[in-house]
Amino acid sequence: MNGQYTVSTYLLQRLQEIGIKHLFGVPGDYNLDFLDDVMESSIKWVGNCNELNAGYATDGYARLNGIGAAVVTYGVGGFSIINAVAGAYAEHVPMIIINGAPPARRREAGAMVHHLVSNYYLQFDIFKKITIDATLLVDPVTAPEEIDRVISNCLAHKLPGYIELPADITHAPCHAPVGSLIVQPLISNTDSLDECTKEAAGLLNKSANPLILAGVELLRFGLGKEALQLIETSEVTFATMLSSKSVVPELHPQFTGIYQGGWSKEAVRLQVENSDCLLSLGALMTDTDTGLFSINLDTRRMITVGGGQVRIGNHIYDQVHLGDFIRELTLLAEPRSYLASHPAVSFSPRQNFVAEPSCELTAPRLYECINSYLDDQMILLSEPGDSFCATPEFNIEEAENFIVQAYYCSIGFCTPAALGVALARPAKRPVVLTGDGAFQMTAQEVSTLIREHCPAVIIIINNDGYLIERRLHKDGMYNDIQNWQYSKLPDVFCNGPLVAGTKFVASIKVTTEEELELAMKVAVAEKDKLVFIEVSLQNRTCSKGLERLGNSYKMSLQKQ
Ligand SMILES: Cc1ncc(C[n+]2csc(CCOP(=O)(O)OP(=O)(O)O)c2C)c(N)n1
Ligand SMILES: [Mg+2]
């Protein structure tokens, strides 16, 4: 971009610099001038069916690309994307929301413009609470510094940022970027870092059965490789959690399994809870990651690192960041014996699926089958519901090949997020595993996947409504949903009937093991197509994971 910069071209240049190649969103009159500039830039515009879906797509994109951005319009668009931004905040996903606002002069006059609710600052005030940094660009002189600050904070803290861009500021001239954007790193206090790593190394090196619990912060801050180095140098066994699944490769000989408190497999639970030195790296003890708090961990035998703090017994060290801690500890860790580094419990390897002839599908067999067809070129997105109860046991090798909103748990996330995933990783293929209830929330985004030619595999588990709620609570009629003919939807979105072999989409409905096996073979063979599979599970069976969660839930109720 040469010549005079405007606030809009400045912002676009910064977005390009940080690696944004796609912008998601929905147009509206307050952002159209900005979108005209997007059309002139090298960033590709990806219009969504609605703003919530745009937010989820941006989140999926950001998880793989390091950052994403969405453009919405004031009020109607801004309020619609809030759920996705709140989710990104809870889950530590960096994304920039650009909200086109009414002209600043109208704001000053207090004019009653369309999409205004209550007062002109309402959206700004709300977004301030669910972002790390927010700015309302009212002055083109200060706009460049404001933009740089929000983007930089977003990247450093891995949290969403908000930029409100009034329509009459968009094309206002501003100064050119001064150098490239500087992201201020999070800096540890060197004395605290030195002291706590020495204390931690002393405990780790002399412990008999230490264990590293690799948590979600490792994933969000891109520290998987550093964690692996510590694990291999110290030869300590490790476990992951649902939210951090596969952050360190699951086929690693030191991997013991997924820890989820009382929701874990018993052997994994015992290994974690009986460790005499449990090093928790960036683990968040959320209800979903702890089997509804059914954990039994003794903090006196733990070293807990995360959120800029280290806790060893009663010692608390502030301003120590996870990456610095891991790198320093790796230098001090002493290797252990072969036995210590090869856990008694190890993860079961992937099994081949062989369909039973003429056998009605059950949930456990469905998951066995899908697991057996996943490969390293597929990125699995697992939706809250029976899907995410089943997937801890899936074999995923690379960290980026598994996406789950394990903490915020907003159903409907995965289908639009797959759009972002497909665009961020064109060489890979998103595989969405979603319940029928979740799918109904954001189903329209399949049409954008088709329009953008994303060869996703979408597997809809039609189990007649909200099964997880039926299992965890009672079978109230509020868990019933309208049954759709899901497999016919691609026809609708393609604007015409599908003719096998000629269209971009293959749509299949399955009810038996053999049909599912065949459908998965089609999905693998038709790798350039969007393959849509409706799995009809009218028997309301569930995964073994949901069975275990049900038991944890009952136990947690008894304790109350
Ligand atoms: C946006 C949103 N609304 C409501 C919920 C509450 N909720 C959690 S799971 C669930 C049902 C999921 O049903 P489905 O997708 O069919 O999965 P299943 O349990 O049947 O496998 C609901 C409604 C939620 N998590 N997110
Ligand atoms: Mg369901």
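Assorted remarks:
- Only beta bridges with both residues in the chain are counted; by DSSP, about 15 percent of them are antiparallel.
- Protection proxy ranking of 124-132, 407-415, 112-120 - average other beta-carbon atoms within 10 Å, highest first: 407-415, 124-132, 112-120
- Counted by Cβ distance under 10 Å from G100, the other residues give a net charge of -3, where Lys and Arg count +1 and Asp and Glu count -1.
- Per residue value of the accessible surface for the chain (all protein chains in place, 1.4 Å probe), Å²: 40 Å²
- Per-peptide average of other Cβ atoms within 10 Å, ordering 349-359, 153-163 highest first: 153-163, 349-359
- Highest average first, the peptides 370-381, 237-248, 29-40, 173-184 ordered by how many other beta carbon atoms sit within 10 Å of their residues are 237-248, 370-381, 29-40, 173-184.
- Computed [θ] at 222 nm, deg cm²/dmol, the chain (DSSP H ≥ 4; -39,500 (n - 2.57); rounded to nearest 500): -11500 deg cm²/dmol
- Set of aspartates and glutamates with alpha-carbon distance to K225 below 17 Å, sequence-local pairs under 8 removed: E217, E235, E250, D324, E328, E397, E398, E400
- Gyration tensor over alpha-carbon atoms, the range 71-135, equivalent ellipsoid semi-axes in Å: 23, 11, 10
The values are calculated or read from the model by the stated rules, or taken from the named source; none is laboratory data. In this text, all values refer to a predicted model and were calculated from it rather than measured experimentally. With ideal geometry, Cβ positions are generated from the backbone for all residues, glycine too; neighbour counts draw on all protein chains shown. All accessible areas refer to the heavy atoms of the entire protein, side chains included, with ligands and DNA or RNA removed. Shrake-Rupley method; radii C 1.70, N 1.55, O 1.52, S 1.80 Å.
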